[in-house]
Each structure stands twice: as structure tokens, then as C-alpha cells.
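One structure is given here, and the rest of the page talks about it.
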Amino acid sequence: MNDEPDIEYEAAPIVTELSGNEMQADAATFAGACALLRLFTSRTYLAESLSLFGQLCDTFEQWPQARQRLGKQTLTEWRAALREQRAAFERGMAMLDAGNTAAAYAAIALAMVDALEPRDARDERHFSLRFAAAEIGPSLTDVAARLGAMAGRISITLAAQWSYQTLSADVPPQESEPPTVPEKTLAVDTGDRVPSTGLWVPTTIRYGCPNFLIAGQSAASMTRAATRYDYAASDGGGLEPPRQAWSDYDYVEEPTVWRLVWDDTRYRRLM
């Protein structure tokens with residue numbers, strides 16, 4: 001008699017290539033996306049993130065087993081990186097308060113780059129929030145969970161890499177009014193200098209997701225879903241729980257022409 005649990009093998013997904021014109025974003029979806037982008041770039045949201053980041057840095061500095069677990073060289077590099085990023089974040093917030101919004105967001109983007117994780121998971125020379133939280137334990141667990149989520153949103157927002165598929169994972173604020181249409185129609189091509197900080201939409205696909213572009217920086221490429229993988233529902237079996245049907249996506253970056261839909265004057269000071 002075989003006592004081994006049954007293993008359910010997942011059926012191959014249905015693969016659909018996408019052009020970027022399939023998803024129909026209605027007015028409410030568009031307004032919700034814009035509200036989330038305004039939230040993720042708001043002073044309140046950024047100040048909370050900086051507070052959590054400060055708690056992370058302080059906890060890491062006081063970690064008694066740091067040298068034993070990381071080694072002298074890695075510990076030195078991680079401490080230096082965290083101090084530099086914290087200083088950049090604090091500098092960015094000071095510039096935001098002074099009305100220098102473009103420089104402020106650029107500094108904060110540097111502090112939150114890659115959401116505090118190395119681009120290659122095997123790279124032990126760059127700080128990893130997940131590793132630090134797992135090693136340090138309860139004193140960092142809650143802070144790391146909240147900071148990791150917020151840093152991810154800030155990093156993607158300031159890199160202008162949202163698509164409707166990824167942004168829809170968050171629930172928009174209750175007040176999700178559509179942005180006020182700017183008086184002047186502004187457009188900028190990928191790679192050209194962004195003339196004004198605010199929310200811009202790509203115009204080369206029918207339902208392009210708005211993103212936050214920063215004045216003075218090169219306009220980013222558009223990120224869109226390129227391939228959809230549809231997986232069938234499963235009743236479960238063996239050790240596998242039942243699961244509803246679900247979809248996954250591959251994404252691609254493409255040049256586009258961005259159009260300004262909301263000029264961000266929240267923290268800008270007139271000279």
C-alpha cells in the first residue's frame with residue numbers, strides 16, 4: 001500500500017499575447033489609479049515610510065549578532081548603504097518641505113531603490129530587508145512588513161513602472177476623484193526631459209495606466225502587460241488546497257508618448 005500523498009500536477013495555463021489595448025479601464029478605475037499615485041507620493045505617506053526606515057536603521061545598528069551573521073565586510077557595506085539611504089530620504093523630505101519637489105522625489109527614489117532588496121536574490125553584498133527581518137526577528141518583523149510594502153509602492157511609483165494589473169492590487173482611497181485636467185496640454189516622449197512633475201498617461205495604447213513622472217528627469221518607458229497566463233480552478237488533491245482560477249502576467253517596457261493629466265502643485269512653492 002502506498003501511503004505517499006497524491007500530488008496534483010497543475011494544468012498548463014492558457015497563454016494569451018497582449019497588445020496593451022485589451023483592458024478597458026473605466027472612469028472609476030482611472031480615478032482610483034490616480035488617487036493611489038497621489039497617496040504614494042504624498043508627504044504623509046512618505047513621512048511614515050521615513051519613520052519606519054529610521055526604526056529599521058536603528059534596530060540594525062543595535063543588532064548584537066550582526067558581525068557574526070554577516071561578517072565584517074558585509075556588515076560594513078550594509079551599514080554604510082543604510083546610512084546613505086537614510087540621509088538621502090531625510091534630504092528628500094527636507095527638499096519637499098522647501099518646495100523643491102523634483103529634487104526631493106529624486107532623492108527619495110534613491111533611498112527606496114528596488115524596495116530595499118538586491119536585484120539579484122543571490123547578491124549578499126547588497127542589503128536585504130527580508131534577510132534582516134528574518135535574522136533579527138520580532139523586534140523588526142512588524143516594521144519590516146510595513147516598510148517593505150510601502151517601499152515597494154514608492155519605488156515603483158517614482159520609477160513610473162505601474163500597469164493597471166499591478167496597481168489594482170491596492171484598494172484606492174475612498175475619495176478617488178478624477179484629477180483636474182491641466183490648463184495646458186503637455187506631452188513628452190520616452191527619453192526626453194519631463195517638463196512638469198505630475199501624473200501622465202501613455203498615449204500609444206488605448207488604456208494606458210497613469211504614472212508619476214518627475215520634472216527634469218528623462219521620461220520613462222511605458223510598462224504594460226505583454227502576456228497573460230490563465231490557470232484553471234483546482235479542487236485540490238493530496239496536500240494541495242482548492243484554488244480558484246487565477247491569472248499571471250509577463251510585462252514589457254516600451255517607448256511611448258506621455259500626456260500630462262494632473263500637474264502636481266501640492267508642495268511646489270512659487271519663486
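Each reported figure results from applying straightforward, stated rules to the coordinates on display, with no laboratory input. Predicted, not measured: the structure shown is a model, and the values here were computed from it. Here the Cβ is made from the backbone with ideal geometry for all residues, glycine too, and neighbour counts use every protein chain on show.
At 25 °C and 0.890 mPa s, what whole-number value in µm²/s does Stokes-Einstein give for the translational diffusion of the chain, with Rh from the Kirkwood sum over Cα pairs? In µm²/s, the coefficient rounds to 117. For the range 65-116, what class follows from the C-alpha gyration tensor (a ≥ b ≥ c being the square roots of its eigenvalues): rounded when a/c is under 1.5, otherwise prolate if a/b is larger than b/c, else oblate? Prolate, since a/c reaches 1.5 and a/b exceeds b/c. Backbone phi angles across the range 123-135, fed through the Karplus curve with coefficients 6.51, -1.76 and 1.60 (θ = phi - 60°), yield HN-Hα couplings of 7, 8, 8, 10, 4, 10, 5, 4, 5, 4, 5, 5, 7 Hz in residue order; Gly and Pro are listed as x. Using a/c under 1.5 as the rounded threshold, could you call the range 12-94 rounded, prolate or oblate? The axes a ≥ b ≥ c are square roots of the C-alpha gyration tensor eigenvalues, and prolate needs a/b larger than b/c, oblate otherwise. Oblate, because a/c is 1.5 or more while a/b does not exceed b/c. Peptides 219-228, 127-136 ranked from most to least packed by the mean count of surrounding Cβ atoms within 10 Å: 219-228, 127-136.
Label sites at ARG83 and ALA98, each approximated as a point 7 angstrom past Cα along Cα to Cβ, lie 2.3 nm apart. Summing charges over neighbours of ALA169, with a neighbour being any other residue whose Cβ is under 15 Å away from its Cβ, gives -1 when K and R count +1 and D and E count -1. Assuming a ≥ b ≥ c are the square roots of the Cα gyration tensor eigenvalues, decide whether the range 102-256 counts as rounded (a/c under 1.5), prolate (otherwise, with a/b larger than b/c) or oblate. Oblate is the answer for the range 102-256, as a/c is 1.5 or above yet b/c matches or exceeds a/b. Relative contact order for the range 153-271: 32 percent, from Cα pairs under 8 Å spaced at least 6 residues apart, divided by residue count. Subtracting the Cα-Cα distance of ILE14 and ASP142 from their residue separation scaled by 0.36 nm leaves 42.3 nm.
When only alpha carbons of the range 64-173 are considered, Rg and Dmax amount to 15.4, 45 Å.
Amide H contacts of ALA226 (H built 1.01 Å from N, in plane; Pro and chain starts excluded): ASP250, TYR251, VAL252 sit under 5 Å, all sequence-distant by 5 or more or on other chains. For ARG268, no residue has an amide H sitting under 5 Å from its own, ignoring neighbours fewer than 5 places away on the same chain, with H placed 1.01 Å from N.
Each part gets one Cα centre, and for the range 94-172 versus the range 210-261 those centres are 19 Å apart.
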